Amino acid sequence: MDYTLTDEQRMLHDTVFKFTKNEWEPRTIEIDESDSFPWWLWERLRQLDWCGLLIPEEYGGSGMGVLDTAIMMEAAGHAGADTGSILAWGVHLTIGTIPIVLCGTEEQKAKYLPKIATGEYITCFCLTEPNIGSDAVNVQCSAVRKGDHYVLNGTKMFITNGPIADLAIVIAATDKSKGVRGVSAFIVEKNFPGFSVGKKLNKIGQRGSETSEIIFDNCMVPVENRLLNEGDGFTKVGAINLEYERSILSAGWTGMLGYNLDLATAYAHQRTQFGHPIVKYPQIREMLVRMKMNYDISKLLLYRAAWMKDQGLPAALEASLYKAFTAQACMQSAIDGMQVHGGYGLMQEYKIERSLRDAKLCSVGAGTDQVLYEIIARAITGTRSLTL
Ligand SMILES: Cc1cc2nc3c(=O)[nH]c(=O)nc-3n(C[C@H](O)[C@H](O)[C@H](O)COP(=O)(O)OP(=O)(O)OC[C@H]3O[C@@H](n4cnc5c(N)ncnc54)[C@H](O)[C@@H]3O)c2cc1C
């Protein structure tokens, strides 16, 4: 087993790390306070040609693999990018786009991917509804075929990039009597009649990503915008997306673990109490060790899941293990990192307090801890729980 990054991967990592340290990290407090998507950052990502990393080159993308993309997102987080902006970027790179890359027809790819690759179009993914979260297969939003269109009705909830997206991948029920096999996926443009954005939601963390409801009121979607066949919306399109969002979409959080460790280590060297730098005290050293363990284990689990996806191997279990571990690691790392900083850890300018607010979403989005634990328990025991 070879754990070394290739020269190209190291270069990718270093390029993103340097860019983030110079341009992104210095503006994270401003992004957090503005509670809005940083358009200046999007323009820079467009200039750098980083909006279509996973899109094949023939459609204007970079044609990169899953591991390479994960390395780039992790590098941004490690250099101190806010995980909100990374989430906005990541949703566009992965779950808002991958369904077209992997499930789209030639016409759909030719029509949409070049504009997504340049960042002219921003994408989002609409699965969750106000009353349907973990029980995602029980989609209530409906899509009824009328001639050469589907008519969509319903509301989607908590949609990352909702307020700024040009294009949405939408999961809706075409035949509720068929359960999971009656769910379909559609590419919906924001200009389609009947599409509207609900109120922007005010979140504790991830404030560089904008979140909202998306409302479909007799929204007219051409039949040619359906992805795959009727009934493939959850079993194929949704399943592909879940693996992506449980693996590389969380890479920014893994990077955050490295950033927290760097901040805490630097502070521990600089802060003196009782005549010695606090880095000399065993309790402080223990917290730093725990932060390092959390960072390294998360990175190894991330790279394993991403590598498996590049090999075309099913990685549902590995992606679940990675995200479930990382969710807990983020909370612990934030608490440890703040504790090392003492009172200053609660102050915005020390940049560690945001990690606690940003950590929480990792244990909720893309499958709560409880859902992921059940997936893992099923794999271990071969049995289902009574509740899930
Ligand atoms: C900031 C943010 C961004 C998001 N972005 C998107 C997005 O872009 N697109 C999208 O489609 N969705 C998005 N989501 C939605 C996210 O995926 C859901 O919040 C998540 O799946 C959980 O659903 P829920 O919030 O309805 O919680 P619920 O499913 O209502 O769960 C509530 C609690 O009950 C537990 N629970 C539920 N069922 C069981 C059971 N059977 N046994 C034991 N425990 C159970 C859960 O684990 C949780 O603790 C986002 C959410 C947030 C907060």
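The values are calculated or read from the model by the stated rules, or taken from the named source; none is laboratory data. From a predicted model like this one, the values you see are computed outputs, not experimental measurements. Here Cβ is always computed from backbone atoms with ideal geometry, including for glycine, and neighbour counts include all displayed protein chains. The protein model used for the area step is the full one, side chains on, heavy atoms only, and it has no ligands, DNA or RNA in it. Shrake-Rupley method; radii C 1.70, N 1.55, O 1.52, S 1.80 Å.
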Does ILE248 satisfy the condition of being at pLDDT 95 or above and not basic (Lys, Arg)? no
Among (1) of a type outside the set (Phe, Trp, Tyr); (2) closer than 30 Å to GLN348 by Cβ; (3) not assigned by TED's automatic domain parsing to the domain that holds PHE216, which single condition is LEU113 missing? (2)
Can you find, within the range 192-222, the residue that is least open to solvent (accessible area, probe 1.4 Å) among those that are small (Gly, Ala, Ser) and away from the ligand (no atom under 14 Å from the Cβ)? GLY194
Restricting attention to the range 109-132, and to residues there that are without any contact (Cβ under 8 Å) to a residue 60 or more places away in the chain and over 21 Å from PHE37 (Cβ atoms), which single residue is farthest from the ligand (Cβ to nearest atom)? ALA110
ALA377 versus (1) open to solvent by less than 10 Å² (accessible area, probe 1.4 Å); (2) within 16 Å of the ligand (Cβ to nearest atom): which is the lone unmet condition? (1)
Across the range 326-373, what is the total count of residues that are in a helix (DSSP H, G or I), more than 16 Å from the ligand (Cβ to nearest atom) and open to solvent by 60 Å² or more (accessible area, probe 1.4 Å)? 8
Going through the range 246-279 in order, the residues found to be free of Cβ contacts under 8 Å to residues at least 24 places away in the same chain, out of contact with any His (no Cβ under 6 Å at 6 or more places or on another chain) and surrounded by 14 or more Cβ atoms within 10 Å (Cβ to Cβ) are THR265
Being part of a loop (DSSP other than H, G, I, E, B) and among the charged types (D, E, K, R) is the filter here, so list the residues in the range 190-227 that pass it. LYS190, LYS203, ARG207, GLU210
Which listed residue, of ASN241, ASN161, ASN225, is open to solvent by less than 30 Å² (accessible area, probe 1.4 Å) and touching a Pro at 6+ places or on another chain (Cβ under 8 Å): ASN241
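If I filter the range 138-155 down to residues being more than 12 Å from the ligand (Cβ to nearest atom) and assigned to a loop (DSSP other than H, G, I, E, B), which single residue comes out as surrounded by the fewest Cβ atoms within 10 Å (Cβ to Cβ)?
The extreme case among them is GLY147.
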Considering only residues of the range 228-238 that are of a type outside the set (D, E, K, R) and in a helix (DSSP H, G or I), which is most open to solvent (accessible area, probe 1.4 Å)? THR235
Test for ARG384: is it open to solvent by 40 Å² or more (accessible area, probe 1.4 Å), of a type in the set (Lys, Arg) and either within 13 Å of the ligand (Cβ to nearest atom) or in a helix (DSSP H, G or I) (or both): yes
Restricting attention to the range 46-66, the residues that are surrounded by fewer than 22 Cβ atoms within 10 Å (Cβ to Cβ) and assigned to a helix (DSSP H, G or I) number exactly 5
For LEU288, indicate whether it is in contact (Cβ under 8 Å) with a residue 40 or more places away in the chain, out of contact with any Lys or Arg (no Cβ under 8 Å at 6 or more places or on another chain) and within 29 Å of ILE204 (Cα to Cα). yes
